[in-house]
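Worksheet for the structure shown next.
The values are calculated or read from the model by the stated rules, or taken from the named source; none is laboratory data. Computed from a prediction, not measured in an experiment: that's the story for all the values here. Ligands, DNA and RNA are stripped out before the accessible areas are found, and what is left, the full protein with its side chains, is counted by its heavy atoms. Shrake-Rupley method; radii C 1.70, N 1.55, O 1.52, S 1.80 Å.
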Amino acid sequence: MKIIRLLLLVICFPIYSQGNKIIKLKLKDSILKKTITDYIISKENDSSEFKRIGYIALRQIYLNEEAINNDLKSKFDITDQYYRPTNDLPSFYTYIEERLVLIYDHSVISKNTPYSKKKQRKINRLVKPYLNKTIRLKIRDDNGKLIVKDRHFRDEKITLHGGILLSIYENGKVIIDSGYR
C-alpha cells in the first residue's frame, strides 16, 4: 500500500508543479512574432504611455490542429496591458522588441490547478519594470480621519476594448482585425 501511495505521489507531483511555473520561451511562429512586433511599434507611435510602461498580453482563443485548405487554424488576441495579473495567471512569457509578452495558455490550466504564491511573485517581478512606479497614498475623509493608507499604491489600467485579433488560416492567409471589440 505504501508503494502505491509513493507511486501516485511521484506520478502526480510533476503535473501539480507544472501548473505553478511560468516558463520563458522563444516564439517560433514568424507570423505571430511579426504581428506582435508591428503592434508594439504601432502602440509606441500612437501612445506616449506605452512608450514608458505597458506589456503585451497574448491569448490563443482558437486552435484547430486538423485544419485543411481554407480552414481557420488559430486565432490570437493581442492587447497592451498596464496592471499586475492576479486571477488569470499566464503560463509563459517572452520578450519581443525589449517588451514583455505574457502568454496565456488556457489549455494548460485546469480547475484543479492550485494558485501558487511563488508563481504570482515571479509574475510580479517580471511585470514590475513595465508598470508605473509605486507611491505612498493617504486618503482622509471630510473630518481629516485617515481612511486609507497604502505605502505601495500603483496606478494600474486594464485594457478591455482594444488590441487586435490575429486569425491565421491553414492556406497561409492572415487577417488582422483591430476593430473587433
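Summary table
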read-out	value
Cross-link pairs beyond the 24 Å C-alpha cut-off, checked among LYS21/LYS73; LYS51/LYS133; LYS34/LYS119; LYS24/LYS117; LYS75/LYS117	LYS21/LYS73; LYS34/LYS119; LYS75/LYS117
Where only C-alpha atoms are counted, convex hull volume of the stretch 30-175 per residue in Å³	151
Solvent-accessible surface (1.4 angstrom probe) belonging to ILE158, in square angstrom, nearest 10	110
Computed Kirkwood radius, in angstrom, where 1/r is averaged over Cα pairs of the stretch 115-155	12.3
Principal axis dimensions, the stretch 118-181 - Cα atoms, whole angstrom, descending	66, 31, 17
The stretch 50-181: relative contact order in percent, alpha carbon pairs under 8 Å with at least 6 residues between	30
Alpha-carbon centroid distance for the pair the stretch 43-92 / the stretch 145-165, whole angstrom	20
³J(HN,Hα) computed for each position of the stretch 69-81 - Karplus, 6.51 cos²θ - 1.76 cosθ + 1.60, integer Hz, glycine/proline x	6, 9, 6, 5, 8, 7, 9, 10, 9, 10, 9, 8, 9
